[in-house]
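Right, one structure below, let's go through it.
Every read-out reported here was derived from the displayed coordinates using simple, explicitly stated rules and does not represent laboratory data. In this text, all values refer to a predicted model and were calculated from it rather than measured experimentally. Here the Cβ positions follow ideal geometry from the backbone for every residue, glycine too, while neighbour counts run over all protein chains shown.
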DNA sequence: GTTGAAACCGGTTGTCT
DNA sequence: AGACAACCGGTTTCAAC
C-alpha cells in the first residue's frame, strides 16, 4: 500500500518543517538519501504533498484581528452558492471558507488589521453581497492552537 | 521602517511557495542574491516568518471529514479555561482552537477520517472534558477556500 | 545595494548491489 | 528498494566597489 509507513514518517516531518534536508530526514528514519529523495518526489507528484509555504507571524505584521463569521444565504440555490463561493475566493481577508451543515450556510475565517478594518470589510465587502441574508461574527480573543499538521 | 516594501515582496512570495530559490526571488524583484539572502535571514530572525511547512492533501490521506465545533464551558473561570486550553493543544484532531467573543467560548476546527472517527473523538475525548458544558458541531460539506496567506 | 569569487552543502542522477 | 559516489546548482560568506 502507498503511502507506506516510511512515506508517512517523511510526510510527518515535512509538514512540521519543510526546510529539513533530505539528509536529515534520511538519518532520522535510518535510510540513505536516495530512497528518501525518490519517495518525496513521488509523494509530491501523486499529490500527497500539496505545496510548501512560509507561515508568517500575522500579529507583528499588523494583522492582529481574527474573526469567524457564520453566513446565511438568501436562498439555497445553485446561483447563490456560486456567487458567494466566487466572492469568498476573491477576498483577501477570507483565509478559510467552508459550506457547512446546520442552521447557517458558511463558516468563514477572517484576518484583518483591526476593528476598523473589520468594519470596512463587513460593511462594504461581505454584507453587500446580494446572496447574503445574514451574518454572525465571533471575534477571536485568544488563539490557543493553530496548526496545519494533520495526524497520519 | 522595517519591513519595507522589498521585504514585503519577499514575504508575499515565500508564503505562496517556500521552495522558491533566492535566485528566483531576486530576479523577480530585480535584486541580486546577496541582499535577498540577507533580508530573508533577518525576517526569519525577527520572527516575521514563523516557520516553513509542507501542506498535505488531507482527503487522499484518509482525513476526509472536517468540522467546526462551538464549545461552551461550565463556568468562565481561569481554571476551566486552562484545563480546556491544555486539552485542546494535546488533541491531534484539533487543528485550530480559539477563544471567541459571543454566546459560546471556543471555536474549534476538527479534522478526522470519517463520521465514525468524529463520533469517537466527540464522545470519548471532547465531551468528556469536565470543563465542557455544551458543544455544537457544524460539518464541512464543501471546502471553498483554505489558505495560509495573509495580505501584506 | 552590486558584483564576483570561493567554500560548502544539499539535491540529483547513474551505477551497483 | 536501498547504498554509494560523482556532478550540478544553490546557499552562504567575504571582499571590493
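At R0 = 45 Å, how high is the FRET efficiency between residue B:20 and residue A:64 if r is their beta carbon distance? Nearest 0.05 is fine.
About 0.95, to the nearest 0.05.
What is the order of A:2, B:118, A:104, fewest Cβ neighbours within 10 Å to most?
Going from sparsest to densest Cβ surroundings: A:2, A:104, B:118.
In which sequence would B:66, A:91 go, from the one with the fewest C-beta neighbours within 10 Å to the one with the most?
A:91, B:66
Kirkwood Rh, the range B:5-45, all Cα pairs: how many Å?
9.9
Pick from B:18, B:64, B:88: which residue has the top mean-square fluctuation in a GNM of chain B where Cα pairs under 10 Å get a spring?
Looking only at B:18, B:64, B:88, the biggest GNM fluctuation is shown by B:18.
Averaged over B:55-66, how many beta carbons belonging to a partner chain fall within 10 Å of each residue's beta carbon?
Partner Cβ neighbours, averaged per residue: 5.
Output needed: percent of Cα pairs per 10 Å distance bin for the protein assembly as shown, bins running from 0 to the one holding the longest distance.
Whole-percent P(r) values from 0 Å outward: 5, 24, 31, 27, 11, 2.
Using a Förster radius of 45 Å, what is the FRET efficiency between residue A:123 and residue A:45 based on their Cβ-Cβ separation? Nearest 0.05, please.
That pair, residue A:123 with residue A:45, gives E of 0.50.
What is the diffusion coefficient of the range A:65-139 in µm²/s, taking the Kirkwood radius over Cα pairs and the Stokes-Einstein relation at 37 °C with a viscosity of 0.692 mPa s?
268
Let me check against my output: what whole-number percent is the relative contact order of chain B, with C-alpha pairs under 8 Å and at least 6 apart?
So the answer I get is 27 percent.
Quick one: in chain B, whose Cβ comes closest to the B/A rotation axis, and how close in angstrom?
Smallest Cβ distance to the axis, with its residue: B:18, 3.
Between residue B:101 and residue B:72, with labels modelled 7 Å along Cα→Cβ, what's the label distance in nm to one decimal, could you check?
According to this spin-label approximation, the distance is 2.0 nm.
Find the Cα radius of gyration of the range A:1-94, compare it with 2.2 N^0.38 Å by division, and give the number to two decimals.
So the range A:1-94 has a normalised radius of gyration of 1.62.
Counting partner chain Cβ atoms within 10 Å of every residue's Cβ in B:78-89, what's the average?
1
Give the nm distances, rounded to one decimal, from residue A:146 to the matching residue in every other copy, measuring between label points 7 Å along Cα toward the beta carbon; shortest first.
1.7
For label points placed 7 Å from Cα toward Cβ, what is the shortest-first list of nm distances from residue B:90 to its copies?
Ordered by increasing distance: 4.7 nm.
Taking beta carbons within 10 Å but only from partner chains, what does the mean come to for residues A:96-108?
6
Shortest first and in nm with one decimal, please list how far the residue A:24 label point sits from its counterparts in the other copies (point 7 Å along Cα→Cβ).
So the label point of residue A:24 gives 2.0 nm to the other copies.
With r defined as the distance between the Cβ atoms of residue A:82 and residue A:32 and R0 fixed at 41 Å, what FRET efficiency is calculated, to the nearest 0.05?
Step by step, r from the Cβ atoms, then E = 0.20.
Please rank B:70, B:134, A:37, fewest neighbouring Cβ atoms within 10 Å first, as an exposure proxy.
Going from least to most buried by this count: B:134, A:37, B:70.
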